[in-house]
Amino acid sequence: MSRFKLSALLVLVTALVSGCATQVTETPSKVTPATTDLGEFSQVILVKTEIAPTYASHPANLKAVKKIDEILAERLGGVLENMQVKTLDQIKSENLANNGNVLFIKPYVKQIKFIGGAARFWAGAMAGSSVVIMDVAFEDGANGTKLSNPGFMRKAGAYTDAFGVASNAMLDDVAQDVVNYVAANK
């Protein structure tokens with residue numbers, strides 16, 4: 001093998017290996033118990049998930065956050081009674097802040113890189129890993145006191161994510177982590 005071909009092969013292998021690296025720049029907040037039982041509130045408002053501006057410009061990330069919202073709404077509704085889903089704008093317009101005996105659940109995606117099935121099909125492992133890092137603030141509506149702010153992180157590997165299956169499971173898993181936290185602190 002000529003020196004040129006060997007050099008070209010080395011560059012190609014290096015590009016393949018380094019191309020799948022997803023840089024995790026954020027860390028989830030520490031998971032601590034809520035200071036008040038979350039089941040004590042007569043009304044629960046799940047605020048639609050906010051996403052850090054850095055990651056909000058990518059359509060796949062927005063679609064992933066929407067999926068997290070759907071899963072949270074479905075599963076938290078089975079754990080907490082009298083739950084509603086609202087946006088921050090709805091809360092402000094309805095003057096729901098500083099409302100007694102209301103629990104606000106406010107998910108915030110600090111970092112996300114979502115690789116869907118189509119991108120995974122065409123780019124394979126070169127598309128990189130998928131990752132989601134999400135903090136969830138639990139606030140008392142009576143006075144705005146933060147009861148807890150646990151963080152959750154899930155990742156789907158670049159080489160193990162056939163057709164985006166692991167990336168989609170990652171969204172399900174991070175939402176289920178929140179549901180499990182609520183159930184444990186109810």
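Among 25-35, 132-142, the peptide with the highest mean count of other Cβ atoms within 10 Å heads the list, and the full ranking is 132-142, 25-35.
By other beta-carbon atoms within 10 Å, ranking Glu50, Glu81 with the fewest at the front produces Glu81, Glu50. When the C-alpha to C-alpha distance is required to be over 19 Å, the pairs from Lys63/Lys113; Lys67/Lys146; Lys67/Lys106; Lys30/Lys113; Lys113/Lys155 that qualify are Lys67/Lys146; Lys30/Lys113.
Any read-out appearing in this document is the output of simple, stated calculations on the displayed coordinates, not a laboratory observation. Keep in mind that what you see is a predicted model, and the values were worked out from it rather than measured. For neighbour counting, all protein chains shown are included, and Cβ atoms are generated from backbone atoms with ideal geometry for every residue, glycine included.
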